[in-house]
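Undergrad: Here you go, one structure.
The values are calculated or read from the model by the stated rules, or taken from the named source; none is laboratory data. What you see is a predicted model; the values in this text were computed from it and never measured. Here Cβ is always computed from backbone atoms with ideal geometry, including for glycine, and neighbour counts include all displayed protein chains.
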Amino acid sequence: MSERSLRIGLVGCGQIADAHLQQIRRAVGADAVAVCDSEPLLARQAAERFDVPMQFSSLNAMLREARPDVVHVTTPVHTHAPLSIKLLNAGVHVYVEKPFTVDADEARQVIDVAEQNGRLVCIGHDQLLDPEWVRVCEIVASGMLGEIHHVDSVLGYPINGPFGRHVVASPNHWVRKLPGGLIQNTVSHPLYRITEFLDDAEPSIQARWFSRLPEVPFPTELRANLQGEKVSGSLLFTSTTKPYQRVTRLYGTEAGLEVDLNTQVIRFHQSGRYPGAFAKLEAPYRQLRESCGNLKRSVGRFVRGELHYFEGMKRLFESFYESVREASFREVSSVRPPVTHQEAVRVTSIMDRIFKQCRDESGDFAFGAGQKAAEEKFSPARSTGEDRSRETPAELVGQGHL
Amino acid sequence: MKVLLTGATGFLGKRVLRELLSRDIEVRCAVRESSRLDCIDDIRTELGCQIEVVSVDLATEDGCHEAVSGCEVVYHLAASLDGCTSSLFQNSVVPTRELVRVASESGVRRFILVSSLGVYGPQKLPRNAIVDESCPVDEAPHLRDAYTYSKAVQEDVAWQTARENDLSLVVVRPGVIFGDERGILSHRVGLPFGGRMLRMGGRQRIPLTYVENCASGVVLAGLAAGVDGQVFNLIDDALPNGREMIRRYRRSGRQLRVIGIPQFAIPLLSWLNEKYSDWTEGQIPKVLSRHRTDAMWKPLRYSNEKAKRLLGWQPSIDIDTAITRTLSFSG
């Protein structure tokens with residue numbers, strides 16, 4: 001396996017599949033060989049636009065004919081676990097788009113099956129390999145900020161974007177039937193930017209959700225505080241403020257910093273060296289120098305063609321593929337994927353607790369009573385067309401995923 | 001005669017609805033559950049006639065059956081205009097395939113699909129060639145923008161499904177539809193960039209059709225005899241060019257900052273865009289790929305003779321009046 005390009009398959013040709021196929025194409029040592037969707041027209045458009053040689057509407061057929069080494073799962077969330085389990089049992093390694101699964105129970109099942117089959121699973125925490133985030137981690141590791149005591153993480157969600165509008169307009173959209181609804185579909189990004197520094201298994205949590213948009217009948221805002229033994233975190237998920245941010249602030253015992261993943265800029269917060277009124281001159285001067293440095297860096301990256309929105313995703317793919325290659329000649333248990341199996345379960349478990357607390361506090365105000373709706377949606381007894389994939393796991397494929 | 005109309009709450013659909021009702025045709029409107037029905041209510045009140053409305057999901061067989069049953073003619077206008085490609089396919093292409101199939105099973109006499117002039121592939125045509133219904137469709141529509149790609153596949157799927165199921169299909173391909181709430185400036189004139197418009201060329205004719213003219217053409221496609229299996233361009237007469245459009249826009253008192261890209265520079269820009277995009281692995285997408293720019297901004301002439309001859313269509317509101325009306329409403 002180490003001598004040849006990995007053969008990559010993808011199941012679920014919705015919106016996020018575009019990003020996956022673009023980045024697989026850029027990734028070193030891998031070729032997208034097949035796409036699959038229960039709707040042949042969706043498989044067709046993905047294959048045509050990204051030059052993928054094979055397209056399928058049956059997962060079994062894709063496994064049999066394309067023989068992928070790795071399959072990316074980009075289907076609706078409620079299909080992630082059963083699909084991943086099927087793929088792992090078929091002997092392929094699996095990359096799962098975030099959020100990993102509907103809940104932590106499913107996450108544990110997937111990991112158990114992966115370990116039983118000696119296969120790797122990677123969850124799509126792609127911002128962890130974003131170049132600016134990697135730089136932040138290097139700065140933290142250098143000790144420049146001292147010990148990190150607190151992390152603020154912000155995600156602005158464009159509820160009026162094409163996907164958000166579609167969710168708002170569709171009472172039966174699968175996103176609205178998740179225990180954490182629209183928020184669950186996206187909140188893992190700002191959350192794992194906190195849990196990267198907050199390593200407690202079960203931090204204490206205070207969370208609530210609400211909506212500021214009268215026309216939207218489900219929560220679009222989340223405020224959550226996490227308290228670990230050494231580090232605390234606060235998470236802001238908002239759909240009403242602009243610009244739509246992907247910002248994280250770190251507060252250390254020596255200094256702080258703010259990283260904006262959208263603009264690929266890092267700003268430091270440091271104590272001044274000069275007293276009194278001089279400090280008021282020193283601060284803007286330092287910011288000016290910092291801005292000049294950031295501009296120079298961005299111009300250089302632009303010229304070199306390094307400013308890709310999904311650069312972190314590409315790097316995460318490459319890192320995971322490297323783990324897959326290692327797993328072909330080493331004991332799988334000794335291979336450490338870029339996002340560990342334990343971390344995938346831990347983040348999912350924290351999300352479960354956040355949503356439970358929100359539901360408990362908000363009563364019926366939530367996604368059609370949240371968990372109840374989710375249970376109904378995911379019940380194998382249901383027999384709507386929308387759930388056909390749940391009833392026939394062999395053909396689990398899906399559509400329309402952010 | 002009873003007809004099914006999809007997309008009745010849309011920009012073109014509400015004019016088609018009004019036109020059908022004015023001809024005393026019984027109409028059933030198939031709408032999404034989330035659709036706002038104000039415009040249908042307004043038309044019902046204004047014309048004092050019955051309009052049947054069904055809320056259905058046209059991507060499902062049951063939804064299509066409920067919509068189609070008892071209708072002789074289907075006018076299929078519903079389509080998404082924006083969003084990613086997969087979303088456009090889910091909302092436009094998949095429902096079209098289902099609706100054509102179910103219509104054939106339900107005894108529908110004729111199915112009218114509103115496609116787009118964008119589905120043509122004029123890349124190989126010489127400059128100033130005439131684009132009529134014999135012009136080939138784009139062989140590589142996936143290299144175009146998401147909307148055009150979805151319309152090309154929608155039409156392809158409709159033809160294929162109609163042939164397989166022996167359904168009479170008529171396709172109309174309107175140009176850029178303008179009118180009241182949609183304004184007169186489209187991407188055929190130029191592209192928005194940082195608060196300015198990049199005017200692309202400027203002397204090539206813009207294939208426009210005023211929404212009310214277009215609506216009458218769509219309706220005639222369902223009524224005219226002997227046009228089964230035909231395609232019709234719906235484009236107004238005396239088309240203006242991009243410069244004239246911008247002049248009219250500014251003359252109405254509106255501000256517009258324009259950067260003119262001359263026609264001869266478009267191929268060079270396209271080449272640079274493609275090379276840079278390839279070199280940077282897509283840091284900037286291929287917005288101006290040669291395949292797209294040739295289809296969008298090459299100087300061409302557009303024919304509406306077939307619609308006039310076989311449908312008896314006339315764009316009754318001349319282009320000057322249509323632009324004036326549009327600019328007096330919004331812009």
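Undergrad: Looking at the range A:75-85, is at least one residue more than 12 Å from every other protein chain (Cβ to nearest Cβ) and part of a strand (DSSP E or B)?
TA: no
Undergrad: Still on this structure: What about A:Pro53, is it surrounded by fewer than 20 Cβ atoms within 10 Å (Cβ to Cβ) and either over 24 Å from the mean Cα position of the chain (by Cα) or more than 14 Å from chain B (Cβ to nearest Cβ) (or both)? Break it down into steps so the answer makes sense when it comes.
TA: Numbers: surrounded by fewer than 20 Cβ atoms within 10 Å (Cβ to Cβ): yes; either over 24 Å from the mean Cα position of the chain (by Cα) or more than 14 Å from chain B (Cβ to nearest Cβ) (or both): yes.
Against the criterion (surrounded by fewer than 20 Cβ atoms within 10 Å (Cβ to Cβ) and either over 24 Å from the mean Cα position of the chain (by Cα) or more than 14 Å from chain B (Cβ to nearest Cβ) (or both)), A:Pro53 qualifies.
Undergrad: Got a number for residues in the range B:248-270 being part of a helix (DSSP H, G or I) and loosely packed, with under 14 Cβ neighbours inside 10 Å? Outline the logic, then answer.
TA: In the first step, residues of the range B:248-270 are kept if they are part of a helix (DSSP H, G or I); the result is B:248-251, B:265-270.
With loosely packed, with under 14 Cβ neighbours inside 10 Å added as a condition, the list becomes B:250-251, B:265, B:268.
Here the count works out to 4.
Undergrad: Further, regarding this structure: Which condition number in (1) among the charged types (D, E, K, R); (2) out of contact with any Gly (no Cβ under 8 Å at 6 or more places or on another chain); (3) within 14 Å of another protein chain (Cβ to nearest Cβ) is the one that B:Lys14 fails?
TA: Going through the list (1) among the charged types (D, E, K, R); (2) out of contact with any Gly (no Cβ under 8 Å at 6 or more places or on another chain); (3) within 14 Å of another protein chain (Cβ to nearest Cβ), B:Lys14 breaks only (3).
Undergrad: Out of the residues in the range B:287-309 meeting the condition of being surrounded by fewer than 17 Cβ atoms within 10 Å (Cβ to Cβ) and over 19 Å from the mean Cα position of the chain (by Cα), tell me which one is farthest from the other protein chains (Cβ to nearest Cβ).
TA: In this case the residue turns out to be B:Arg309.
Undergrad: I would also like to ask the following. For the range A:257-299, name all the residues that are more than 28 Å from the chain's Cα centre (by Cα) and either outside the structural domain of A:Arg246 (by TED's automatic domain parsing) or of a type in the set (Gly, Ala, Ser) (or both).
TA: A:Ser271, A:Gly272, A:Gly276, A:Ala277, A:Ala279, A:Ala283, A:Ser291, A:Gly293
Undergrad: Here's a check for you: in the range A:166-194, which residue that is closer than 30 Å to B:Ser92 by Cα and of a type in the set (Lys, Arg) is surrounded by the most Cβ atoms within 10 Å (Cβ to Cβ)?
TA: If we take residues in the range A:166-194 being closer than 30 Å to B:Ser92 by Cα and of a type in the set (Lys, Arg), then A:Lys177 is surrounded by the most Cβ atoms within 10 Å (Cβ to Cβ).
Undergrad: Yes or no: A:Ser319 touching a strand residue (DSSP E or B) at 6+ places or on another chain (Cβ under 9 Å) and either surrounded by 15 or more Cβ atoms within 10 Å (Cβ to Cβ) or at positive phi (or both)?
TA: Numbers: touching a strand residue (DSSP E or B) at 6+ places or on another chain (Cβ under 9 Å): yes; either surrounded by 15 or more Cβ atoms within 10 Å (Cβ to Cβ) or at positive phi (or both): yes.
The answer is yes for A:Ser319.
Undergrad: Find the residue count for the range A:301-340, including only residues that are among the basic types (Lys, Arg), more than 14 Å from chain B (Cβ to nearest Cβ) and outside any helix (DSSP H, G or I). Break it down into steps so the answer makes sense when it comes.
TA: Residues of the range A:301-340 that are among the basic types (Lys, Arg), as a first pass: A:301, A:304, A:314-315, A:325, A:330, A:336.
Next, only the ones that are more than 14 Å from chain B (Cβ to nearest Cβ) stay: A:325, A:330, A:336.
Checking which are outside any helix (DSSP H, G or I) leaves us with A:330, A:336.
So the answer is 2.
Undergrad: Still on this model: Can you tell me which residue among B:Ile130, B:Ile112 is away from chain A (no Cβ under 12 Å), on the phi < 0 side of the Ramachandran plot, surrounded by fewer than 22 Cβ atoms within 10 Å (Cβ to Cβ) and aliphatic (A, V, I, L, M)?
TA: Working: B:Ile112 fails: surrounded by fewer than 22 Cβ atoms within 10 Å (Cβ to Cβ).
Testing whether each residue is away from chain A (no Cβ under 12 Å), on the phi < 0 side of the Ramachandran plot, surrounded by fewer than 22 Cβ atoms within 10 Å (Cβ to Cβ) and aliphatic (A, V, I, L, M) leaves just B:Ile130.
Undergrad: Also: If you take the residues of the range A:17-40 that are outside any strand (DSSP E or B) and crowded, with 24+ Cβ neighbours inside 10 Å, which of them is nearest to the other protein chains (Cβ to nearest Cβ)? Give the steps one after another, and end with the answer.
TA: Going through the range A:17-40, the residues outside any strand (DSSP E or B) turn out to be A:17-29, A:37-40.
Those still in the list that are crowded, with 24+ Cβ neighbours inside 10 Å too: A:17, A:20, A:23-24, A:37.
On the way: A:Ala17: 7, A:His20: 12, A:Gln23: 9, A:Ile24: 12, A:Asp37: 9 Å.
Result: A:Ala17.
Undergrad: Also: I'd like the full set of residues that are in contact with an Asp or Glu (Cβ under 8 Å, 6 or more places away or on another chain) and away from chain B (no Cβ under 11 Å), limited to the range A:152-171.
TA: Of everything in the range A:152-171, nothing turns out to be in contact with an Asp or Glu (Cβ under 8 Å, 6 or more places away or on another chain) and away from chain B (no Cβ under 11 Å).
Undergrad: Right, here's the next one. Scan the range A:109-130 and tell me whether some residue there is assigned to a strand (DSSP E or B), touching a residue at least 12 places away in the same chain (Cβ under 8 Å) and either out of contact with any Leu (no Cβ under 8 Å at 6 or more places or on another chain) or charged (D, E, K, R) (or both).
TA: First, the residues of the range A:109-130 that are assigned to a strand (DSSP E or B): A:121-123.
Imposing the further condition that a residue be touching a residue at least 12 places away in the same chain (Cβ under 8 Å) reduces the set to A:121-123.
Then keep just the ones that are either out of contact with any Leu (no Cβ under 8 Å at 6 or more places or on another chain) or charged (D, E, K, R) (or both); that gives A:123.
Yes, the range A:109-130 has at least one match.
Undergrad: B:Ser80 - would you say it is part of a helix (DSSP H, G or I), within 14 Å of chain A (Cβ to nearest Cβ), modelled with pLDDT under 95 and under 22 Å from A:Glu39 (Cα atoms)? Quick ask: steps written out before the conclusion?
TA: On the way: part of a helix (DSSP H, G or I): no; within 14 Å of chain A (Cβ to nearest Cβ): yes; modelled with pLDDT under 95: yes; under 22 Å from A:Glu39 (Cα atoms): yes.
Spelling it out, it is not the case that B:Ser80 is part of a helix (DSSP H, G or I), within 14 Å of chain A (Cβ to nearest Cβ), modelled with pLDDT under 95 and under 22 Å from A:Glu39 (Cα atoms).
Undergrad: Kindly provide the set of residues from the range B:118-134 that are in contact with a Leu (Cβ under 7 Å, 6 or more places away or on another chain), of a type outside the set (A, V, I, L, M) and part of a loop (DSSP other than H, G, I, E, B), ordered by number.
TA: Passing the criteria: only B:Asn128.
Undergrad: Now for a separate question. Hey, B:Ser216 hits all of (1) within 29 Å of B:Ser289 (Cα to Cα); (2) assigned to a helix (DSSP H, G or I); (3) among the polar types (S, T, N, Q) but one; which does it fall short on?
TA: If we test B:Ser216 against (1) within 29 Å of B:Ser289 (Cα to Cα); (2) assigned to a helix (DSSP H, G or I); (3) among the polar types (S, T, N, Q), just (1) comes out false.
Undergrad: Return a yes/no flag: does the range B:278-287 have any residue that is at pLDDT below 95 and basic (Lys, Arg).
TA: Yes.
Undergrad: Further, regarding this structure: Any idea which of (1) under 19 Å from A:Val121 (Cα atoms); (2) free of Cβ contacts under 8 Å to residues at least 60 places away in the same chain is the one A:Leu41 doesn't satisfy?
TA: So A:Leu41 meets the others, but not (1).
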